[in-house]
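Below is one structure, written out as structure tokens; comments come after it.
The values are calculated or read from the model by the stated rules, or taken from the named source; none is laboratory data. Here the structure is a predicted model, which is why all the values come from computation and not from measurement. In this analysis, Cβ positions are derived from the backbone assuming ideal geometry, glycine residues included, and neighbour counts consider all displayed protein chains.
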Amino acid sequence: MNNIKYKSINLKLSEKVFKDVKKSLLIRKIADNSGGLHDQVLIKIIKFITDNENEVSIEYKEER
């Protein structure tokens, strides 16, 4: 098993920024243009915020 080293942040988004990012990602997804790494990271962060989670871990599948 690999020991994954993480970078940690404390993230605060205003409600307006959150809604705009979420809307932008939805539009990119509908346009079938959300396959990049940065899009996938933002999608995961937005999902965890929406689900009221306190922590999200982001890593590549092969690191797990």
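Brief remarks on what is shown
- Options Ile45, Ile49, Ile9; residue that is in a loop (DSSP other than H, G, I, E, B), of a type outside the set (Gly, Ala, Ser) and without any contact (Cβ under 8 Å) to a residue 60 or more places away in the chain: Ile9
- Scanning the range 37-56 for residues being of a type in the set (S, T, N, Q) and modelled with pLDDT under 90 gives a total of 2.
- Test: residue in the range 12-28 that is loosely packed, with under 13 Cβ neighbours inside 10 Å, assigned to a loop (DSSP other than H, G, I, E, B) and of a type outside the set (A, V, I, L, M, F, W, C): yes
- The set of residues in the range 34-56 that are surrounded by 10 or more Cβ atoms within 10 Å (Cβ to Cβ) and among the small types (Gly, Ala, Ser) comprises Ser34, Gly36.
- Of note, Ser34 satisfies the criterion of being modelled with pLDDT under 90, in a loop (DSSP other than H, G, I, E, B) and at negative phi.
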